[in-house]
Amino acid sequence: MNVLTEAFKLILSGDPELVEICLTSLRFSAISIVLASLAGIPLGFFLKLRDFPGRKMVLVVINSLMALPTVVVGLFVYSLVARSGPLGSLGLLFTPVAVIIGQFILVLPIVTSMVHGRVSEMDPRLPETLRTLGASGPRYYFMLVREMKGSIASAVLAGFGRVIGEVGVSMMLGGNIRWYTRTITTTISLETSKGEFELGLALGIILMMIAFLLNFLTHRLVRYE
Amino acid sequence: MMKKRNFLLLTAALIFLSAGLYGGGQKESEPVHIKMATTTSTENSGLLAELLPAFLEEKNIQIDVIAVGTGKAITHGENGDVDLILVHAPAKEDAFVADGFGVNRRDVMHNDFVIIGPADDPAGIAGMTDAAAALSKISAASAPFLSRGDESGTHVKEKDLWKDAGISPAGIWYKETGQGMGTVLTMVGEIQGYTLTDRGTWLAMKDNLDLKILVEGDGRLFNPYGIIAVNPELHSHVNYDGAMAFIDYITSVEGQDIIRNFKKGGEQLFFPDAVQ
């Protein structure tokens, strides 16, 4: 109960640092999920609707990549953007850009794989019907996506849940810098290391409330099953 | 209906994106950002939260702090991923400068290490003033001892003390955690074991711990902090002027006064060394 009281006290306090931390989390997650969706949704459709040699293998690889540990993604991007790495001259390590690159890599396989899975389950008559209605080219794909919007939304939300809840990438690539790259999860990690368990749990509750709110709103907007 | 929904979704997306483009809480003239890798003790104790805003106010330079163990902080410095480091492992600091990775090392402040443990003290070390002898007794009693095990300044000091005691610690009683100081203190409290900690982190956390200081005052437990700029000859991209501005500030009368006046529960955590 103490923790719940603490969480609500924190929210009601409107503490500017807490607000900034929540906004940073949302900002990073939103940007990386938008980018991953722009790449992953077309890729998911492509892998279902077009056949090419090695397609099955690509699917197996993408599905396996869903198991990527955040710390491995972090290490991989770290080795790219650290000063000694190939992209070192850009100075991206410990900046929001590095975090977003990491989160994008983390979540792209999830969005792609889930979109592909949902597209595979769609009524096989749907593409046919759309063709019969005279849809072709970009318009055909646009209508297809519109018909599948509920499924796509759930894939995007699953990806969003993964990024907003991850700590490995944000910690390693962002560095948990106050007022800059400190997110809800890196704050929880920091507070836990300081022995401030109640504050950590309170932040966890705030994170879950944000996730719930977003899922709820999307559910209302898209009305997916 | 469809249009309205799309509009709402689009609005939500735009709000997120614009929040991303314009970070919250920005000032009118955007401060220069420089990066400093430091130990968890300076950040977790809250000292930097006192020093950095004052420095920002004066020079319009925002120090982005990456709080890690001393070992990792030095690695970040060697790789040029930060502009300066504030650490506590004198031998490693000297090597960092001697190998050309850093320049202009300055003494900043000190506190000391202490050995803490449970009040019932099964190894019987309470009141000893020879830290190495105390570790020998812990080892002889096979009482649980938690090591940072992360090449931090505290871990380096602990290994030196074991060496002085002529023991290479091993066995189920010796637990290498690989965690930061705060986490280790929490674990020690749960296990009711022993550990070596800097006094600053201890003072910041002791109210939540059922532990007490058992050994202190050994000259070997001196814990000096040094600040070093990353060598701009080696890494031309570092903000050397920014780093030197902060080194000047932290060793100035003003900076040293902030360190002197920084207290937790009435106790001073760090003792300034640049200006006595």
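Laboratory data are not the source of any read-out in this text; all were calculated from the coordinates shown. Treat the numbers as computed from the prediction; the structure is a model and nothing was measured. Glycine gets a Cβ as well: all are built from the backbone with ideal geometry, and neighbour counts include every protein chain shown.
Summarised in one figure, the compactness ratio Rg/Rh of the range A:133-225, Cα atoms and Kirkwood Rh, is 1.19.
Give me the extension gain from A:A67 to A:L12: residue separation times 0.36 nm, minus the current Cα-Cα distance, reported in nm with one decimal. Don't skip to the answer; put the middle values down first.
Numbers: separation 55, 0.36 × 55 = 19.80 nm, distance 3.74 nm.
Length difference between fully extended and current span is 16.1 nm.
If R0 equals 41 Å, the separation of the Cβ atoms of B:L209 and B:E50 corresponds to a calculated FRET efficiency of about 0.95. Cross-link pairs exceeding 27 Å in C-alpha to C-alpha distance, out of B:K157/B:K264; B:K157/B:K206; A:K9/B:K72; B:K163/B:K212; A:K9/A:K194; B:K59/B:K157, comprise A:K9/B:K72; B:K59/B:K157. Between A:V99, A:S25, A:L199, the Cα set farthest toward the positive side of the dipole of chain A (charges on each charged residue's Cβ, about the Cα centre) is that of A:V99.
Distance from the Cα centroid of the range B:44-118 to that of the range B:159-187 is 23 Å (rounded to whole angstrom).
Of all aspartates and glutamates in the structure, the ones whose alpha carbon falls short of 20 Å from that of B:K137, not counting any fewer than 8 places away in one chain, are B:D120, B:D121, B:E158, B:D160, B:D164, B:E176, B:E216, B:D218.
State whether chain A is rounded, prolate or oblate according to the following rule on the C-alpha gyration tensor (a ≥ b ≥ c being the square roots of its eigenvalues): a/c under 1.5 gives rounded; otherwise a/b larger than b/c gives prolate, and the remaining case gives oblate. Oblate is the answer for chain A, as a/c is 1.5 or above yet b/c matches or exceeds a/b.
Can you compute the charge dipole magnitude of chain B about its Cα centre, using +1 on each Lys and Arg Cβ and -1 on each Asp and Glu Cβ, nothing else charged? Give it in debye, rounded to the nearest 20. Can you show the working numbers first?
Numbers: 23 positive and 37 negative charges, 204 e Å.
Magnitude of the dipole: close to 980 debye.
For every other residue with a beta carbon closer than 11 angstrom to the beta carbon of B:W202, add +1 if it is Lys or Arg and -1 if Asp or Glu, then tell me the sum.
Values: positive: B:R199, B:K206, B:K212, B:K264; negative: B:D112, B:D198, B:D207, B:E216, B:E267.
In short, -1.
A cut-off under 15 angstrom between Cβ atoms defines the neighbours of B:A245, and their net charge, with Lys, Arg +1 and Asp, Glu -1, is -4.
Using the 2.2 N^0.38 Å rule of thumb for compact globular proteins, work out how chain B stacks up: its C-alpha Rg over that value, please. List each step's numbers first, then the result.
Working: Rg = 22.0 Å, N = 276, 2.2 N^0.38 = 18.6 Å.
After normalising by residue count via 2.2 N^0.38 Å, the value is 1.18.
When shorter helices are ignored and each DSSP H run of at least 4 residues is given -39500 (n - 2.57), the per-residue value for chain B at 222 nm works out to -13000 deg cm²/dmol. Modelled this way, with points 7 Å down the Cα-to-C-beta line, the labels at A:M143 and A:M122 are 1.2 nm from one another. For A:K48, list the lysines whose Cα falls under 28 Å from its own Cα; do not include residues on the same chain fewer than 8 positions away. Partners within reach: A:K56, A:K149. Computed over the Cα atoms of the protein assembly as shown, pair by distinct pair, the Kirkwood hydrodynamic radius stands at 25.3 angstrom.
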